[in-house]
Each structure stands twice: as C-alpha cells, then as structure tokens.
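See below for the structure under consideration.
The values are calculated or read from the model by the stated rules, or taken from the named source; none is laboratory data. Because the structure is predicted, anything quoted here is derived from the model rather than measured. Glycine gets a Cβ as well: all are built from the backbone with ideal geometry, and neighbour counts include every protein chain shown.
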Ligand code: PLP
C-alpha cells in the first residue's frame with residue numbers, strides 16, 4: 001500500500017481531471033501501481049480486470065513488452081525532434097505509411113497532435129481554413145450533438161454537449177449548434193420506429209441548419225458511437241442520411257474516431273461500421289494503445305488541396321504543435337499498429353464483441369434495474385433504470401451508477417459509469433473467459449447495489 005503520506009500528497013496537491021475535488025480531499029486517490037495484460041493492481045496488491053482499457057485507450061493491455069521496446073529503441077536513436085519547417089523523422093514517416101494503408105480516405109494527408117482534444121481543435125481550425133481558402137470565411141459555425149464529448153481544450157469543451165463541461169466555465173457559444181443525440185431509447189417518441197426516429201432527427205437537423213443559415217456553418221463533428229456520451233449507437237442509415245444532408249448544404253462532416261478508431265466497432269474505423277465517408281477524422285487513444293500521448297487528423301485530398309494553396313498564399317500553414325510527429329510517440333504508435341494487424345484487432349473486436357454482448361444479454365437482459373444493453377463490436381453500455389416499464393431513471397442524487405461502479409471494484413473489475421450507464425470497453429487481448437468473469441462480476445455488483453438500495 002502506498003505510504004499514507006504519499007496519499008496525503010495526492011489529496012493535498014492534485015487537482016484531478018474530471019473528479020469532484022472536495023470528495024477527493026476526503027476519499028483520496030485510487031492508486032494503480034502495476035499492470036499485467038488486461039489486469040491492473042492497486043497499491044494494496046488487489047487485482048482487477050480492467051474492463052474499460054483505462055480511458056478507452058489500452059487496446060493491448062497494460063504492459064506490452066514490444067511497445068516498451070519500441071519506445072526504448074527510439075529513445076536510444078533519436079529521442080526528440082520536431083516537424084516544423086519541413087522537418088520529419090523516420091518513425092513518423094513509418095507511422096503515416098501505416099495509417100494511410102488503413103485510412104478510409106485515400107489519398108489523404110495526416111496532421112499530428114498529442115491528444116484527442118488537440119486533434120478535434122485541429123479539425124475545426126482546418127475546417128475554417130478550408131472554408132476561407134474557398135472564399136467562404138463566413139462559414140464558421142459548427143454543429144455538434146447534445147451529450148457529445150469531444151475534449152477539454154476550449155474548443156473541445158465547446159463542442160461537447162455535456163452540461164458539466166460548460167457549467168461555471170461560461171463557454172457557451174452561439175457558434176456551436178447542438179443537434180439531438182441519436183438515441184432511440186431516450187430520445188425516441190413513444191412507438192417511434194428506428195427508421196422514423198432517424199427520419200425525424202434528419203428533418204430536425206435540416207430545420208436547425210436552415211434557421212442558422214447554411215452559409216454560416218462550416219462543419220459538423222460527430223462520433224460514430226458516442227462513447228462518453230453513454231455508448232450511444234445511432235440508428236442504421238443515420239450517418240448515410242446525415243452525409244447527404246450535409247452535402248446538400250455544403251457543410252463538412254468531421255468524424256471523431258478517438259474512441260472508435262482502430263477496431264473498436266468491428267472495423268478499422270467507426271465510419272466504416274456506419275457506412276459513411278467523412279471529410280476528416282481524428283484519432284488518438286488506441287493509436288498508441290494509450291501508451292504515449294499521440295493523436296492525428298486524417299484529411300481528405302480535396303480539403304488538403306485547398307488548404308495547401310491557402311497555406312502557400314499565407315507564407316505557411318499557421319498551425320502545429322511542438323510535439324507533432326514526435327519520434328518516440330510515433331515509434332510506439334507504429335509498433336501498436338503492426339501488432340493490431342498481427343493479432344487481427346478487427347476480427348477480435350467482432351468475435352469478442354459478439355461474445356460480450358451475448359453474455360451481457362444472458363446475464364442482464366431481464367434484470368429489473370437494467371433498461372437497455374447497447375453497443376457494437378467490443379464496446380457496450382448498460383443503462384440502469386428505476387423502472388423498466390416507464391424507463392424512469394433513478395434520481396441523479398442517488399448516484400446509482402457510481403454505487404455500481406464501486407461495487408464492481410469491490411468485486412475485482414474496473415468499469416466506468418457515466419451517470420447511470422456502465423461502459424465496457426476492454427482491451428482486445430481479453431479472452432472470452434475474462435469477458436465472462438467481467439459480466440458475471442457486473443451482474444453481481446448490480447445486485448449488490450439493488451440490495452443496498454433496499
Ligand atoms: N473525443 C472523444 C470521443 C473522447 O472520448 C475523448 C476523450 O475521452 C476526446 C475526444 C479527448 O481526448 P483527450 O482527452 O486525449 O484530449
């Protein structure tokens with residue numbers, strides 16, 4: 001166990017990401033000390049199956065030796081160099097070749113960043129630059145969706161349609177429009193079919209576009225499956241119809257593939273699972289199995305050509321980060337992609353995903369506290385409800401999802417609750433028996449919570 005004084009240091013010094021600060025001062029940190037495949041150990045030595053791959057990141061688990069070796073070799077060869085002013089490095093070139101080989105956009109150009117937020121910010125800057133390049137600088141507004149999470153930088157937070165990302169920051173902007181979340185279970189009208197729901201969403205969005213004026217809107221950003229928004233799987237045809245609508249109004253479609261990218265939904269990219277071609281997409285997290293901070297934006301050739309002309313006219317493209325295309329983060333990501341091919345992450349996501357969804361349905365489909373089990377590929381969400389028939393949620397103050405999350409930990413698994421939705425997003429190296437263990441422990445944790453609620 002970590003020495004008490006070390007815990008006290010964390011409690012007194014650490015302003016934690018996405019954490020209640022006052023509760024942290026009381027309760028202290030949950031310290032993870034080591035990792036072993038899909039397992040992690042806390043500072044008391046307790047072992048957990050990490051059913052969330054950390055923060056939807058650790059595709060290859062928590063101590064992959066090849067990624068460590070790739071980092072070590074690159075550190076020894078060239079530990080730091082930048083990519084401003086025409087500079088490049090072999091690791092970053094190797095990585096780009098691999099990304100381009102699986103990119104649904106071909107030909108494409110690749111811009112590097114360090115986090116999902118930076119990549120999404122970069123997509124917005126690129127969209128504005130593109131619109132200016134074609135003589136339409138007034139196309140500035142961005143459409144996002146209620147419930148979306150796109151990051152924590154100023155623009156990432158603005159794009160996010162989650163109230164706590166805005167409360168007290170004063171970041172609401174008239175330039176961001178939030179469309180309805182494509183979640184039939186919660187947003188559908190009574191008796192509405194999936195197709196009718198998709199139809200309504202597209203019509204509502206069109207009305208929103210016409211009201212704002214298409215010539216004021218640069219782009220729409222969307223995650224194929226809204227992960228942190230509650231693992232929301234859109235209606236079939238939703239994205240194909242969205243794409244047509246946006247094309248009709250000359251609005252770009254930007255896909256946030258930060259969670260969905262690199263196999264999660266059962267294809268290399270979520271856009272392939274939902275059958276649409278974006279104008280740009282952002283990747284991060286799984287790009288390096290989350291081992292080092294790296295992200296990228298993949299840009300279609302059509303956009304790139306306009307951006308390149310504009311950059312040339314401006315005497316240079318005014319965007320980029322010190323660590324864009326960093327050799328060590330690139331080398332680790334390139335090795336991760338090689339391993340993804342070798343272990344067939346796409347095939348694994350499909351097979352393991354079917355197993356996980358079947359196990360979830362078998363264990364929980366009839367549970368009185370379970371309203372909806374959803375997901376695709378190797379990602380799932382379980383929504384808890386107070387009343388299955390009316391779909392009534394628990395009162396937010398009861399923090400039922402958080403109680404289940406704690407009960408999961410007591411039973412040796414780590415999941416994440418977003419309100420009363422429990423998310424599952426295990427590493428691709430998970431074995432079917434471990435998925436069974438995960439689902440069994442989740443079912444027991446829900447039962448523990450039901451008992452404690454009385
Ligand atoms: N986009 C999505 C869909 C995410 O889930 C996240 C993070 O969870 C981000 C963007 C932001 O990524 P980062 O935290 O690396 O900035």
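Of the conditions (1) without any contact (Cβ under 8 Å) to a residue 12 or more places away in the chain; (2) outside the structural domain of residue 435 (by the TED database), residue 79 clears all except one; give me its number.
(1)
Restricting attention to helices (runs of 4 or more DSSP H) lying wholly within region 4-86, give those where 3 or more residues are buried (at least 16 other Cβ atoms within 10 Å of the Cβ) and within 16 Å of the ligand (Cβ to nearest atom). Don't jump to the end; show me each part of the working.
Numbers: elements: 4-13, 21-27, 53-56, 65-77.
By residue number, 53-56.
Taking residue 360, is it modelled with pLDDT of 95 or more, surrounded by 23 or more Cβ atoms within 10 Å (Cβ to Cβ) and in the same structural domain as residue 394 (by the TED database)? Outline the logic, then answer.
Numbers: modelled with pLDDT of 95 or more: yes; surrounded by 23 or more Cβ atoms within 10 Å (Cβ to Cβ): yes; in the same structural domain as residue 394 (by the TED database): yes.
Yes.
Looking at the structure I just gave you, is residue 210 in the same structural domain as residue 288 (by the TED database) and either under 16 Å from the mean Cα position of the chain (by Cα) or over 29 Å from residue 421 (Cβ atoms) (or both)? Steps first, please.
Values: in the same structural domain as residue 288 (by the TED database): yes; either under 16 Å from the mean Cα position of the chain (by Cα) or over 29 Å from residue 421 (Cβ atoms) (or both): yes.
Spelling it out, residue 210 is indeed in the same structural domain as residue 288 (by the TED database) and either under 16 Å from the mean Cα position of the chain (by Cα) or over 29 Å from residue 421 (Cβ atoms) (or both).
Counting only residues that are within 16 Å of the ligand (Cβ to nearest atom) and in a loop (DSSP other than H, G, I, E, B), which one in region 261-283 is nearest to the chain's Cα centre (by Cα)? Talk me through it step by step, then tell me what you get.
Filtering region 261-283 for residues within 16 Å of the ligand (Cβ to nearest atom) gives 261-265, 269-271, 273-274, 278, 280-283.
Now restrict to residues that are in a loop (DSSP other than H, G, I, E, B): 261-265, 269, 274, 278.
On the way: 261: 8, 262: 11, 263: 12, 264: 10, 265: 11, 269: 12, 274: 16, 278: 16 Å.
Selected residue: 261.
Out of (1) more than 10 Å from the ligand (Cβ to nearest atom); (2) outside any helix (DSSP H, G or I); (3) under 21 Å from the mean Cα position of the chain (by Cα), the odd one out for residue 258 is which?
With (1) more than 10 Å from the ligand (Cβ to nearest atom); (2) outside any helix (DSSP H, G or I); (3) under 21 Å from the mean Cα position of the chain (by Cα) applied to residue 258, the lone miss is (1).
Listed residues 301, 309, 279; which is in contact with a strand residue (DSSP E or B) (Cβ under 6 Å, 6 or more places away or on another chain) and either in contact (Cβ under 8 Å) with a residue 40 or more places away in the chain or surrounded by fewer than 22 Cβ atoms within 10 Å (Cβ to Cβ) (or both)?
On the way: 301 fails: in contact with a strand residue (DSSP E or B) (Cβ under 6 Å, 6 or more places away or on another chain); 309 fails: in contact with a strand residue (DSSP E or B) (Cβ under 6 Å, 6 or more places away or on another chain).
Going through 301, 309, 279 in turn, the sole match is 279.
What about residue 89, is it within 16 Å of the ligand (Cβ to nearest atom) and touching a helix residue (DSSP H, G or I) at 6+ places or on another chain (Cβ under 8 Å)?
Numbers: within 16 Å of the ligand (Cβ to nearest atom): no; touching a helix residue (DSSP H, G or I) at 6+ places or on another chain (Cβ under 8 Å): yes.
Answer is no for this residue.
Quick one: which residue in 252, 245 is surrounded by 19 or more Cβ atoms within 10 Å (Cβ to Cβ) and more than 16 Å from the ligand (Cβ to nearest atom)?
Values: 245 fails: surrounded by 19 or more Cβ atoms within 10 Å (Cβ to Cβ).
Just a single option satisfies the conditions, and that option is 252.
Could you please give the count of residues in region 203-232 that are in contact with a strand residue (DSSP E or B) (Cβ under 8 Å, 6 or more places away or on another chain) and part of a helix (DSSP H, G or I)? If you could, list the steps in order and put the result at the bottom.
Residues of region 203-232 that are in contact with a strand residue (DSSP E or B) (Cβ under 8 Å, 6 or more places away or on another chain), as a first pass: 204-205, 208-209, 212, 216-232.
When the remaining residues are screened for being part of a helix (DSSP H, G or I), the result is 204-205, 208-209, 212, 216.
Final tally of qualifying residues: 6.
Residues in region 391-403: is at least one crowded, with 19+ Cβ neighbours inside 10 Å and either under 23 Å from residue 234 (Cα atoms) or in the same structural domain as residue 286 (by the TED database) (or both)?
The answer is yes; a qualifying residue exists.
Give the residue, chosen from 157, 119, 148, that is assigned to a loop (DSSP other than H, G, I, E, B), under 22 Å from residue 18 (Cβ atoms) and within 16 Å of the ligand (Cβ to nearest atom). Don't jump to the end; show me each part of the working.
Numbers: 157 fails: assigned to a loop (DSSP other than H, G, I, E, B); 119 fails: assigned to a loop (DSSP other than H, G, I, E, B).
Only one candidate qualifies: 148.
Identify the residue in region 175-198 that is within 26 Å of the chain's Cα centre (by Cα) and in a helix (DSSP H, G or I) and, among all such residues, is farthest from the ligand (Cβ to nearest atom). Step through it out loud before you land on a result.
Our first condition is that a residue be within 26 Å of the chain's Cα centre (by Cα); within region 175-198, this holds for 175-188, 194-195, 197-198.
Now narrow it down to the ones that are in a helix (DSSP H, G or I): 184-187, 194-195, 197-198.
Working: 184: 20, 185: 20, 186: 19, 187: 19, 194: 23, 195: 26, 197: 22, 198: 21 Å.
Filtering first and then ranking leaves 195.
Yes or no: residue 325 surrounded by 23 or more Cβ atoms within 10 Å (Cβ to Cβ), more than 16 Å from the ligand (Cβ to nearest atom), in the same structural domain as residue 156 (by the TED database) and touching a residue at least 24 places away in the same chain (Cβ under 8 Å)? Walk me through it before giving the result.
Details: surrounded by 23 or more Cβ atoms within 10 Å (Cβ to Cβ): yes; more than 16 Å from the ligand (Cβ to nearest atom): yes; in the same structural domain as residue 156 (by the TED database): yes; touching a residue at least 24 places away in the same chain (Cβ under 8 Å): yes.
Taking the combined requirement at face value, the residue satisfies it.
May I ask you to verify whether residue 434 is modelled with pLDDT of 95 or more, surrounded by fewer than 23 Cβ atoms within 10 Å (Cβ to Cβ), in a helix (DSSP H, G or I) and touching a strand residue (DSSP E or B) at 6+ places or on another chain (Cβ under 7 Å)?
Working: modelled with pLDDT of 95 or more: yes; surrounded by fewer than 23 Cβ atoms within 10 Å (Cβ to Cβ): yes; in a helix (DSSP H, G or I): yes; touching a strand residue (DSSP E or B) at 6+ places or on another chain (Cβ under 7 Å): yes.
The answer is yes for residue 434.
Please specify each residue of region 160-174 satisfying the condition of being within 16 Å of the ligand (Cβ to nearest atom) and assigned to a helix (DSSP H, G or I).
Passing the criteria: 164, 165.
Since residue 306 meets every condition but one in (1) at positive phi; (2) more than 16 Å from the ligand (Cβ to nearest atom), which condition does it not meet?
Unmet condition: (1).
Output the qualifying pairs, or none if there are none: Cβ atoms under 8 angstrom, residues six or more apart or on different chains, first residue in region 151-180 and over 18 Å from residue 218 (Cα atoms) and at pLDDT 95 or above, second residue away from the ligand (no atom under 16 Å from the Cβ) and part of a helix (DSSP H, G or I).
Sorted first by the residue in region 151-180, then by its partner, the pairs are 180/187; 180/201; 180/204; 180/205.
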